[in-house]
Structure formats: C-alpha cells, structure tokens
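Notes follow the structure.
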Amino acid sequence: MLKITNLHVSYGGIQALQGISLEVPEGKIITLLGANGAGKSTTLRSIMGIVKPDQGSIEFEGESLLGMKSFQVVKKGVALVPEGRRVFVNLTVRENLGLGAYTRNDKEEIRADIEEVYELFPRLKERQTQSAGTLSGGEQQMLALGRALMSKPRLLMIDEPSLGLAPVLSQDVLGKLTELNQKRNQTVLLIEQNARAALSIADYAYILETGRIKLEGPAAELAKDDAVRKTYLGIH
C-alpha cells in the first residue's frame, strides 16, 4: 500500500533521514520505533507533504505523493493523528469530528460515520456537546483518533498515541487500533514510545537510529531479539 524508497530529508543542513526504505502492506499494523530525534515523526510528516524530501520516493497505492499538499494526501486516503493530539479545544467533540471530514461532502454518510466513531468510543458520545478542551488526555486522544477516521483513511498514521497517558488509558487506545485492524482491516503505521506495547500489536517493525533503519523484521521476532530487548524494552 505504502512504499518509501531511499528517503532523504534535511533541516537546515542537519540530515533527519538518511536513505530510509520501508513498506506498509494493506491490512497490517506496522510500527516505527527509535529514540527521540531518530526521524520517526519526520517520516510521517514527509508522507503527509508537510516536509519536502531532498531525495527518494513515497508511493501510495502505486501513485507518488511527492509534491502533494496535505489535504491532497488526505483525499488519497491517508490520515495522520499527530503527536500531542492537537484537537480544537474551543470546539465541541462533535464539531471536531465534523472537521475530520473536511475533504468530504456526503452529509448523510458523515453523520453515519460520526455514529460509528461513537460506537468505537462511547465516552465521546457522552461528551459530544462538550468543548474538547474539557476532556481528559485519554479522551482527547480518542477524539484525535476519531477525527482522523472521519476522512475514511485507507492508511491511518498515528504519532505517539500513548504519550502522557496513564498505562490503562494507553492500553485502551492501542487496543482500539487492534480492534480497527481486525474488524475493519484498517492499515496502520504507528509511532509509539512504549516499544513493548507497539511490538505486541504490530505485524512488522522498523527501528530507526539517527535517520537510518538499523533493524527491521516481524514484530514478534524483534520482541525476542536480545539487542532490541536491552536497548528498547529495558530488559537485561
């Protein structure tokens, strides 16, 4: 579904990505792991057209995304849940969800999809008329995820969904990703600080280190790899 080849990105002379290549097959959960500054978020920003690569290719379902603006990438079927959630705090839950469908004009389907989001996250339905700024961190993360789903993405990309959340809420959010994948065949590209949790739900993993892919492989195998366990899982 998504294929990145030899991607190079730099910021003011600093190379953020140094020739990474990766693939996200349809219907799979793929995770990108690595320390802060490894290039994970830059990868997602490049896919969304927020950052312009110096070199390399990004193809989605056989079509190049290079040169597209973010709204065009969304129209192609790619959505990003950014780090820090970034919900519109002065708007209600329902208004936030409606904004997630800004590239669509099928009003009846949009209403039906909002109800689907409420089924996935019942807490959002309870709070649909509240402003997003009054929600807890976990609820805001659910809202950010629901808002991304409103664009009906073929590929859902999520940057650090459990950041700042209590462990039980983190498990709940990651559990919803598994549910979406299993019930809707939702393809997911996940960046997650909790490497153990990410590897437990992913099919395949890439580990980035200073802009390069250091390791890759089936998530279950990497979870057993001694080097990965010591460096990323804190198991000695």
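The values are calculated or read from the model by the stated rules, or taken from the named source; none is laboratory data. Since this is a predicted model, take the numbers as computed values, not measurements. With ideal geometry, Cβ positions are generated from the backbone for all residues, glycine too; neighbour counts draw on all protein chains shown. When the accessible area is computed, the model is the full protein with side chains, heavy atoms only, and any ligands, DNA or RNA have been set aside. Shrake-Rupley method; radii C 1.70, N 1.55, O 1.52, S 1.80 Å.
Considering only segment 127-140, I want to know if a residue exists there that is within 17 Å of ILE50 (Cα to Cα), assigned to a helix (DSSP H, G or I) and open to solvent by less than 10 Å² (accessible area, probe 1.4 Å).
Going through segment 127-140, the residues within 17 Å of ILE50 (Cα to Cα) turn out to be none.
Among the residues of segment 127-140, not one is within 17 Å of ILE50 (Cα to Cα), assigned to a helix (DSSP H, G or I) and open to solvent by less than 10 Å² (accessible area, probe 1.4 Å), which makes the answer no.
Out of (1) of a type in the set (S, T, N, Q); (2) under 30 Å from SER200 (Cβ atoms); (3) open to solvent by less than 60 Å² (accessible area, probe 1.4 Å), what's the single condition that is false for ASN36? In the conditions (1) of a type in the set (S, T, N, Q); (2) under 30 Å from SER200 (Cβ atoms); (3) open to solvent by less than 60 Å² (accessible area, probe 1.4 Å), ASN36 misses (3) alone.
ILE114 satisfies every condition listed in (1) out of contact with any strand residue (DSSP E or B) (no Cβ under 9 Å at 6 or more places or on another chain); (2) within 30 Å of GLN72 (Cβ to Cβ); (3) of a type in the set (Val, Ile, Thr); (4) surrounded by fewer than 17 Cβ atoms within 10 Å (Cβ to Cβ) except (4).
Which one of these is modelled with pLDDT of 95 or more, of a type in the set (Gly, Ala, Ser) and either in contact with a helix residue (DSSP H, G or I) (Cβ under 6 Å, 6 or more places away or on another chain) or open to solvent by 10 Å² or more (accessible area, probe 1.4 Å) (or both): SER41, SER57, SER70?
Working: SER41 fails: modelled with pLDDT of 95 or more; SER70 fails: modelled with pLDDT of 95 or more.
So the residue among SER41, SER57, SER70 that is modelled with pLDDT of 95 or more, of a type in the set (Gly, Ala, Ser) and either in contact with a helix residue (DSSP H, G or I) (Cβ under 6 Å, 6 or more places away or on another chain) or open to solvent by 10 Å² or more (accessible area, probe 1.4 Å) (or both) is SER57.
Restricting the first member to segment 133-145 and to residues that are farther than 7 Å from VAL173 by Cβ, and the second to residues that are of a type in the set (Val, Ile, Thr) and part of a loop (DSSP other than H, G, I, E, B), the beta-carbon pairs closer than 7 Å and six or more apart or on different chains are GLY133/VAL89; GLN140/VAL87; LEU143/VAL87; ALA144/VAL87.
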